[in-house]
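Student: Right, I'll just put the structure down here and ask away after.
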Amino acid sequence: MRSGGYIRSKIEKKKRAFSGNENRVRSLGAVVFFIGAILIARLYFIQVVSYDKWVAIAENQHNAFQALIADRGEVYMRDGDGRYPLAVNREYQMVYAVPRDIIEKDYTASELARILSLDRSVIAEKLNLANDPFEIIKKRLTDEEVQQMKQVGLKGVALLPEKYRYYPAGELASQVVGFVSLGGKDSASGYGIESSQNDHLRGKDGEVSQEKDAAGRWIPLSDRNLVSPQNGASLVLTLDRVIQYETEKILGEALQSYEAKGASAIVMDPKTGAILAMASQPQFDPNNYSQVEDYSVFLNPAISFSYEPGSIMKPITMAIGIEEGKVNSNTEYVDTGSVSANGYVIRNAEGKVYGRSAMTKVLEESINTGVIFVEKLIGHLTFKEYFERFGFGAKTNIALPAELAGNTLNLENTRSDVAFFTAAFGQGVAVTPLQMTTAYAVLANGGTLYKPQIVERVINADGTQEKIEPQAVRRVLSEETSRTISEMLRGVVTRGHGKRADVPGYLVGGKTGTAQVAKSDSKGYEEGLSIGSFVGYAPLNDPRFVVLVKIDNPKNVQWAESSAAPTFGKIMKFLLEYAKIKPTEIVAPKK
């Protein structure tokens, strides 16, 4: 019995031992499973969730990569039979240091400070960054500085070429060309053509990549991936260098003479819409744009600022009336000096009363009530339709940035007589100088609206060229109406307020406009501020040039006939002589 009990006891002990081992195995298995789950989760996070991150790290570790920067296209203007550079790429040298390779830090800092005219303590601080592999000391070295750096041969100091945008013409056409900052992987566009045509100019960078070993050396037998850069296209603008220069010169003289806040001028070929000059004062030097304090000078006033044009709108209203058969140059009405509408009384300038007057006199004397008479005959809806056909209230879509559409919202309510009456003589509506120039080109060229053109040709990187053809948008007037209004505008210059715009020996036509300046924060107009404009074209028998001149807030003259008109006359005289157009009129001898 005792032996049987002993055997059972042994068996029970073995069972308990086995059970304990089994529990330990299960516990160990649980731990192993838990650890495995953590590892699997971690691998999932690395390989799936963070896949892109780790691939990028791996590529950085195992591939050598070098960006191949595309050359930016250059910008030119016409210069006789050739072209003149406005924006080009210029290579400068930059000096940099590798602090960990420099042994004689004090000597090196002293020499760099001497050659580069820099603060020695600042340089010394950079050179003491022992683990820094690359520290820029100075950019855009002069030729003399480059020569001295090569002569001194400092260990751990080297030169590196960099390309920057350079503007050889300085301030010439600065608001048209704009500027761009080169230096990063992408070019940061500024203003003007540099901005609006950035997609053409910037090209497409290339790259080269190849595997490297643990020491960072390229593996010779590994595959190399090479994508060549595609250089940007160059542009030739419609601007004529001589015309642009002379227009800016005359405009600058006007700015000083009339103590004006600003001034703008546009010269256009009415038969194509090509812009031959687009000038504004004040200007800036795009090579030093970072030094400009008032950033508004970067904007192009010819397209980025709108204003109430005043009486230069009257020939547009008159042309609409002639086209619609409502009036002709001899149509008469009786001026009483004022017109009432919607509770307002609209008067002629200086309160004048002209009595019985023909339409020719309406333009020559710039009679407000006369164009109101014409607008009444036209009708509000038809007037609004023509206004839009002339391009007012819409962008011209010239290849320049930050263009405004103007403001013709007052004409949305066709029940408002006063809105249409004032619009007839250029108040209550806002236009840009470019819109006004384009509208006068319609009067000059026989009645066709052309899209303003600033880019003449695109020169691709492979040398092929694309000529940009003039683009006719629509016909607005008949040729007969164009001839009639041109004859009437001649009368403005010979007998009206535009006498100082005339050029002896040539048929010149145009219109003055002295406009009030609308308040920006409330209704009404600023006291004592005005804008003088003159728009016209010549020669009337075969118009070659449309010119607009706008003088902002002249201080010592009241009317445009004494500021914008003579400035227009100087520009037009130069243009006709420059183009070698022979005089057609007999010039009366001076008494």
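Here, each number is a calculation from the coordinates, and none is a lab measurement. Because the structure is a prediction, the values reported are computed rather than measured. Cβ: placed from backbone, ideal geometry, glycine included. Neighbour counts: every protein chain shown.
Student: Any idea how far the Cα center of region 427-485 sits from the one of region 386-411, in Å?
Tutor: Comparing the Cα centres of region 427-485 and region 386-411, I get a distance of 13 Å.
Student: Assign one of three labels to region 219-298, namely rounded, prolate or oblate, based on the Cα gyration tensor with a ≥ b ≥ c the square roots of its eigenvalues; rounded applies when a/c is under 1.5, prolate when it is not and a/b is larger than b/c, and oblate otherwise.
Tutor: In terms of gyration-tensor shape, oblate.
Student: So the label point goes 7 Å from the Cα of Arg90 along Cα→C-beta, right? Which residues of region 145-160 then have their backbone N under 20 Å from it?
Tutor: 145-149, 160
Student: Here's another thing I want to ask about it. Check each of the trypsin sites (Lys or Arg not before Pro) in region 451-520 and keep only those in coil by DSSP with at most 12 other C-beta atoms within 10 angstrom; list them in order.
Tutor: Passing sites in region 451-520 are Lys519.
Student: Assuming R0 = 30 Å, can you tell me the calculated FRET efficiency for the pair Glu487 and Lys555, based on Cβ-Cβ distance, to the nearest 0.05?
Tutor: Taking R0 as 30 Å, the efficiency between Glu487 and Lys555 is 0.25.
Student: Consider just the alpha-carbon atoms of region 234-377 and return their Rg together with their Dmax, both in angstrom.
Tutor: Using the Cα atoms of region 234-377, the pair Rg, Dmax is 20.6, 59 Å.
Student: Please state the charge dipole magnitude for region 100-148, taken about the Cα centre, from unit charges on C-beta atoms (+1 on K and R, -1 on D and E), reported in debye and rounded to the nearest 20.
Tutor: In total the dipole reaches around 140 debye.
Student: Mind scanning Lys249/Lys451; Lys204/Lys467; Lys511/Lys570 and naming the pairs with a C-alpha gap bigger than 20 Å?
Tutor: Those over the limit are Lys249/Lys451; Lys204/Lys467.
Student: Using 7 Å Cα-to-Cβ label points, what is the Asn541/Lys261 separation (nm, one decimal)?
Tutor: 4.4 nm
Student: Hey, with R₀ at 41 Å, roughly what FRET efficiency would Ala124 and Val227 work out to, going by the Cβ-Cβ distance, to 0.05?
Tutor: For R0 = 41 Å, the calculated efficiency reads 0.45.
Student: Go through Lys314/Lys384; Lys499/Lys582; Lys376/Lys523; Lys271/Lys361; Lys271/Lys582; Lys314/Lys499 and tell me which ones have a Cα-Cα distance over 23 Å in this structure.
Tutor: Result: Lys376/Lys523; Lys271/Lys361 exceed 23 Å.
Student: Can you put Ser522, Ser482, Ser338 in order, fewest other beta carbons within 10 Å first?
Tutor: Ser522, Ser338, Ser482
Student: Next question. Give, as ranges by residue number, the residues of region 273-300 whose backbone N falls under 16 Å from the point 7 Å along Cα→Cβ of Val517.
Tutor: 281-282, 296-297, by backbone N distance to the label point.
Student: Ordered by residue, what ³J(HN,Hα) values in Hz, to whole numbers, does region 72-86 give under the Karplus form 6.51 cos²θ - 1.76 cosθ + 1.60, where θ = phi - 60° and Gly and Pro are x?
Tutor: Whole-Hz 3J(HN,Hα) from phi for region 72-86: 6, x, 9, 10, 10, 10, 6, 8, x, 8, x, 9, 10, x, 9.
Student: By how many nm would the segment from Ala402 to Glu171 lengthen if fully extended, with 0.36 nm per residue of separation less the alpha-carbon distance?
Tutor: Computed gain between Ala402 and Glu171 is 81.2 nm.
Student: If we restrict to alpha carbons, what Rg and Dmax does region 238-578 come to, in Å?
Tutor: Here Rg and the maximum Cα pair distance are 19.2, 68 Å.
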